[in-house]
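Notes for the one structure printed next.
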Amino acid sequence: MQKHLSESNNSNISKISFEDNCICVDKNLIIDKFIEANILARKNIESGNITNRGIAANVCTFDNVWSLGTNFNNTRNDISSLCAERSAILSSYNNFLLNRNSSSTFKIKYLVLVSSLSFNQKEPLLVPCEDCLCWFNNSRYFDSKTTIFTLDKTGDIPLIKTFRVEQLLPYFKIKTTNEYSKKKNIEITKKALESMKEFAITESDIKGLFNEAYLSYKNNDLCPVSNQKISCSVLANNHIFVSKKIDWTRRWFVEPLEMCVYKAVEKLGRETFIQAIAYFGDEYFGNNDLLNQDGVVSIRSIGRIRQKQANCKTILILNLKESIKVLTIGEYLPLKFRQGYKI
C-alpha cells in the first residue's frame, strides 16, 4: 500500500505519494526538501531564467548536511549553463570544505530533484541529464547507493520515486582496459542482438569496428597533457568514421565520440543515424585511487548524440579485461530514454 502524506501549509501540495519500494528513512524530511527546492526553482524563474526552465536540487551528504542549488543559465549555450544537480553539489562541497574535520569525507547520500511547476501540475519524470550523470559516474564523491528522489507527476497524485545511482548507471564502476587480444570472447546482450538484427550488423562487423578503434588508439600521440589516449569508431548509415582524443590543455580536449559523429553528420547530413559505437582507450585514475575511475566512455557525449543521431537501440562496444562487451545505449543509460525533456 502506498503511503500518502499531506502538507497543509503549502498550497502547491495536496498529496504526495511514495512508491512502495521507496528508499527513505524520514519521508516527512524528504517532502520538506522537495518544498524547499520547489520554492528555489520558482524564484529562479521569477528572476528571468533564460531557458524558462526552473529546476532545483537539494543534496545531503553522509554527514547529513543539506545544500540547495538551482540551474544557472548565463546564455542559451550549454557551456555557460549549470544544472541544478551540479549547482547543489558544488554548494554542498563548499560547505564541506568550510566545516570539515579531519575524519570526515565528502560523499553525497541523497539528491532531491524538482522543477518550478506546482506539485499538482502534470510533468514527465525528471531524470538527471548526461552532463550530471557523468559526475555521478565517479566513485570518489558518489556511491552506487547514492539515492536520487524525483517526482513523477504523470498521474493524479505526485509520486516520489527513488533511484540508486547504480540504477541510473548500471555500469557504474565498470573497468575498461587498453589490453587487446584478438582471442577475447565477445559477450552480446539480448537487446544488442536485437539491434544487430535490425541494423543487419554481424559479429564480424562488430570486430571490424572495434579493430578500427584499436588501430586509431595505437597510433594516437595527440594526448601529451592528460596521457589518456582514447579512440572511437562509429558505424553511421553503414559507413565507418574514426577519431582520436586530442588534448588542447589539461581542461580542454576533443572528445572522440563527438568528433566521430561530427564527421558523420558532415558527410551524411540530417539523416545520419549512429548504428554502433566502439571505444578503446585508457581508464583515468585520480590521486592514485583505483576506485575513482571515470571510465573511457563519455556519458556526456552520449547525451549530445542521443538528441538526434542515436537512440536506445544504438550498439555500444566496450573493451573489458576478460571480454569485449556489446550492449545498447538504452542498457547503458536505461532511464534517459524515458525522459521527455530535451535540452
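The values are calculated or read from the model by the stated rules, or taken from the named source; none is laboratory data. Note that the coordinates shown come from a computational prediction; the quantities given were computed from them, not determined experimentally. All Cβ positions, even for glycine, are placed from backbone atoms using ideal geometry, and neighbour counts span all protein chains on display.
General remarks:
- Unique match (being modelled with pLDDT of 90 or more, within 24 Å of THR177 (Cα to Cα) and buried (at least 16 other Cβ atoms within 10 Å of the Cβ)) among ILE315, ILE299: ILE315
- Scanning segment 142-182 for residues that are basic (Lys, Arg) and part of a loop (DSSP other than H, G, I, E, B) returns LYS145, LYS173, LYS175, LYS182.
- The number of residues in segment 183-200 that are in a helix (DSSP H, G or I), more than 12 Å from THR328 (Cα to Cα) and in contact (Cβ under 8 Å) with a residue 24 or more places away in the chain comes to 2.
- Checking each residue in segment 213-266 for being in contact with a strand residue (DSSP E or B) (Cβ under 7 Å, 6 or more places away or on another chain) and assigned to a helix (DSSP H, G or I) picks out ALA213, TYR214, SER216, TYR217, PRO256, LEU257, MET259, CYS260, VAL261, LYS263, ALA264.
- Pairs where the first residue, in segment 212-224, is over 21 Å from THR249 (Cα atoms) and the second is at pLDDT below 90, C-beta under 6 Å, 6+ apart: TYR214/TYR180
- The set of residues in segment 30-63 being out of contact with any Phe, Trp or Tyr (no Cβ under 9 Å at 6 or more places or on another chain) and polar (S, T, N, Q) consists of SER47, THR51, ASN52.
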